[in-house]
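Please treat every number below as a calculation from the coordinates, not as lab data. Values in this document were obtained by computation on a predicted structure and should not be read as measured data. Please note: Cβ atoms are built from the backbone with ideal geometry, for glycine as well, and neighbour counts cover all protein chains shown.
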Amino acid sequence: MLPAFLFITMCMKWGSQGSGGEYRPPPLPTLVTQSSWSHQDDVASYDEHFGLNNTNTESDNGEHGDDFLDLTTDATPMKPLLALRRGGGGGSNAQNGGVLKGGKAVITRAASFWKSTVGGAVDSVKSKFRSEDSKKREALLQALEVMPVRQVVVPNSTVLPPDVVRTAVKRSGIIGGPLKMDRVQELARNLKRWYMRQGYVLHSVTGASLDPDTATASISVEEPLVSGLPVDIVFCKEMVVDDDTGELVTFKKYRAKKLSELEKKRPAGLFGRAPDLKIDRSQLNTTLVPTTGRTDPTKIAKAMKLKPGTPFRWLDTRWGKIASSGIFSKVLKASPEPTTDGGVCLQVYAMEPPPRHLEYGIGKSVWTNSWEGEVDFDWRNIFGGGESVGVMVRRGTKDSSPSIRLRYGDDKFGLEGGYDVEAFSDFLGDTGSKKEDSEEKQESDSSSDFEDSLLSRRGTTFRLRNPISPSVVANSVASASLERTSTTTGQLENIGSASLTLGPFRRFMPMDGKTSVSTTISGGARLVGKESDGGGVGSISFAGTGLLPYSSASATTKQILPITLSSSRDKNNDKVPISLALQHTVSASTPNLPRHEAKAMGNSAQIRGAVADDSATTVVKGTTEIRVPVAAPKIGSGSVVLFGDWFCAQKDMNSPFYSKSSIGVGLRKNIQGLPLKYDVCYSSEGKIKTMFGMGADFDV
């Protein structure tokens, strides 16, 4: 091997010859002491490349050789630095940098020369001693780099349809060319988009391979499966951290403790109302702790269509209905998580509401149109799937007996297949129309049952929610009912009916407007009977009577259109717009409509300041409102409503249509959570009436 100095000299000579000039030996470089800021990185790398260190390279005679570098060490304790310059004069830093760059260029050329000279020989020797298998593999790799792809398959996918694969392959342009990374990535993006649209959020493309015999590209995908436990629910409850003891207590106990402390601070002998304590939960130090729950994870899995061993699929629409169905008061987290068996489960952290609810209020009877009190008890989620059992009792001030309803329902979290069964006993309380008895007797036998006053109705109703697929009709309810009505004179009717309700179908309109449409179609038959005089108590005769079929239909449209923004703001500090609200209803029926249904249709035609004349078989009703939000300093926020109501009704097929209308102004205010309303109206009958009521105005 050549000595280092001879190797360097040869490199410098070849570098000069390559530049095209005659070679001249360079002048000896003169060593200077470099300050600590001068090109330390360049100099250090230069020293390392050449293998120089801080030693004296003088010859044995003490003189500097022509082929050696003169090294001088700085007397200061800083790191010795090497600097080169040509000639004996004081060269600049730019000149020193040029010498360093020239040396690097020489070394690069030398390395390239030896690589081209020696490297080729080494590769030639290696190729001679290479095995046949290695040569075949290398030849195969070279062939695969240019082999055009003829077909693409996804062998390990269980959910990708062939049409989707063909479309993705066509868009990526992978057919007809070599298997390149950019085309595989484009194919993966197309398949991932389809996965996401279908709810396979965890599926992805993991790799690609090419078969040299058939030129077939195999795309491998990862499709995680549902674990043996599809859904895992962690129930949580919020508790207060006691500031004094640091213990976890419930809100009820924390409030009782604070009330006790207030009682102790009251002066002795002071009587009166107990102190009222208002606690803002958002200002308390709270934490979540695990607890037990009622919701069954297997029923959640069934609603989400998660079966063990099937590809994991997240259906966002179904989960949205489950989360808003009322079984959870708050969903803290819901996400897919890996399990020990290699699958994926849906992990849910949630809080549950109290299972039992007792509500009470007042309202108007749909049968008698009179005020009545109401108590409703409901026990929800009794079997862990959103099931509920309830009882409701209503009674008016002049009713001789209460109206009672017992119900059991399972709404299937608001999805398809929900149902409820209801048994009812309603007091109708119809006083009849005695003054028209002589006229009623002259009518046909089919309407003779209108001579007696209705007393009660008893029966059972079965309702099925979403009998039509939600993908076809968003909201639908089918019901079937069997009931019996009785009058004060003992006349009975057996009624069987069925109905189908479609809607409401809601959609948004321009300028933040909203609209909805709903419709109901009903049909049934009546069987009129009479208590037999000679048959004893409870003996009923249906001799000489036949089935009286009937049908009815109704449709309702609602629109709310913002007009402009007002200065009033709601509790969220958002501006509330002045809005125009419209509602129109059309109801019609065929002859033989049951009496209580005709009475209910007449009561539904009631408007502010005017009511329908008894029952009705055809009704057209409309309402127009301008709602103006207001905010007073002392009474708080509310609204002023300017309204106009009208209706046109027909009592029966042989009676003419008549109409009534009214206009007025009303006030709306929520007090302690109760929506109160007060209206002053002027009707087409020339009367001014004031009306007080409860309940919110209609919404879309």
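Ranking Val153, Pro212, Leu191 by Cα position along the charge dipole of segment 144-223, where only Lys, Arg, Asp and Glu carry charges on their C-beta atoms, puts Leu191 farthest toward the positive end. The charge dipole of segment 227-351, taken about the Cα centre with unit charges on the Cβ atoms of Lys, Arg (+1) and Asp, Glu (-1), comes to about 600 debye, rounded to the nearest 20.
Normalised radius of gyration (Cα atoms, divided by 2.2 N^0.38 Å) for segment 144-223: 1.03. Please tell me the relative contact order of segment 227-351 in percent, rounded to the nearest whole number, where contacts are Cα pairs under 8 Å and at least six residues apart. The normalised contact order for segment 227-351 reaches 40 percent.
Pairs with C-alpha atoms separated by more than 22 Å, drawn from the list Lys252/Lys278; Lys330/Lys412; Lys321/Lys364; Lys258/Lys278; Lys621/Lys689, are Lys321/Lys364.
Shape annotation for segment 187-311: C-alpha extents along the principal axes are 102, 27, 25 Å, from largest to smallest. Listed peptides 411-421, 599-609 appear in the order 599-609, 411-421 once ranked by packing, highest mean of other Cβ atoms within 10 Å at the front. Stokes-Einstein diffusion of segment 584-625 at 20 °C, 1.002 mPa s viscosity, Kirkwood radius from Cα pairs, rounded to a whole number: 201 µm²/s.
Around Lys514, what is the net charge, scoring Lys/Arg as +1 and Asp/Glu as -1 over all other residues with Cβ under 9 Å from its Cβ?
+1
Using C-alpha pairs below 8 Å separated by at least 6 residues, the relative contact order for segment 144-223 is 40 percent.
Dividing the mean sequence gap of close Cα pairs (under 8 Å, 6+ apart) by how many residues segment 364-404 holds gives a relative contact order of 33 percent. Between segment 476-490 and segment 313-381, the alpha-carbon centres lie 31 Å apart. P(r) tail for segment 354-427: Cα pairs beyond 17 Å make up 51% of the total. Estimated at 0.36 nm per residue, the fully extended path between Arg171 and Arg507 surpasses their Cα-Cα distance by 117.4 nm.
With both labels modelled 7 Å from their Cα along Cα-to-Cβ, the Leu210 to Thr339 distance reads 4.1 nm. Rounded to two decimals, the Cα-based Rg/Rh of segment 288-388, with Kirkwood Rh, is 1.14.
Please give the peptides 499-508, 386-395 ranked by average Cβ packing (other Cβ atoms within 10 Å per residue), highest first, as a rough proxy for protection.
386-395, 499-508
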